[in-house]
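The next block holds one structure in the form of structure tokens; read it before the comments.
The values are calculated or read from the model by the stated rules, or taken from the named source; none is laboratory data. All values reported here derive from a predicted model rather than from experimental measurement. Counting neighbours? That spans all protein chains shown, and the Cβs are built from the backbone with ideal geometry, glycine included. These area figures cover heavy atoms from the full protein model, side chains too; ligands, DNA and RNA do not enter into them. Shrake-Rupley method; radii C 1.70, N 1.55, O 1.52, S 1.80 Å.
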Amino acid sequence: MSRGCGGLGALLILCALAVFTACSDGSPTSSTGASTPTTSPGQVWLAVLGSAEDPNELDTPYAELVRSLGEGSVTHVVVSPSACYSGLPSRYDGRYVLGVWDDTQPSVRAMLDSAGTREGWIGTVASTCVD
């Protein structure tokens, strides 16, 4: 005589709801309890430092940026067609952009501070190109 899994099913639903509610609580907090600005899935923070119609014009600034940040940062420094990012201002349309990216705005700003440079624009973007 099996009574089914009614009680177990209800318990699983309650657990799933509790996990969903906890995970959708909002912005994550840092160890200090301060809210850390993050991105939506598939998005990153990008600081555009320069742009050009010819990507070769960005070779020297790219090399200088990587040198100032250290070789470990090379994966966070990009020269890409603006069309590879949704969310960029229209002033970059049809141009190549030099930028630094990361998952949070504070980490992007830390890279800019470390390099001693300022962005021309900073915001969240979604990459539409595959490397």
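When only the heavy atoms of the protein chains count and the probe is 1.4 Å, how do LEU88, LEU46 rank by accessible area, highest first? Don't jump to the answer; show the numbers that get you there.
On the way: LEU88 30, LEU46 0 Å².
These residues rank, largest area first, as LEU88, LEU46.
Once the Cα-Cα distance is subtracted from the 0.36 nm per residue extended length, the GLU71 to ALA110 segment shows a gain of 12.5 nm. In a DSSP loop and with at most 13 other Cβ atoms within 10 Å, the trypsin sites (Lys or Arg not before Pro) in region 92-131 are ARG118.
Applying a 10 Å radius around every beta-carbon, put 54-61, 96-103 in order of their mean neighbour count, most first.
Details: 54-61: 13.6, 96-103: 22.4.
Top to bottom by mean Cβ count within 10 Å: 96-103, 54-61.
Near the amide H of TRP121, within less than 5 Å, lie the amide hydrogens of VAL48, all on another chain or at least 5 residues away, with H placed in the peptide plane.
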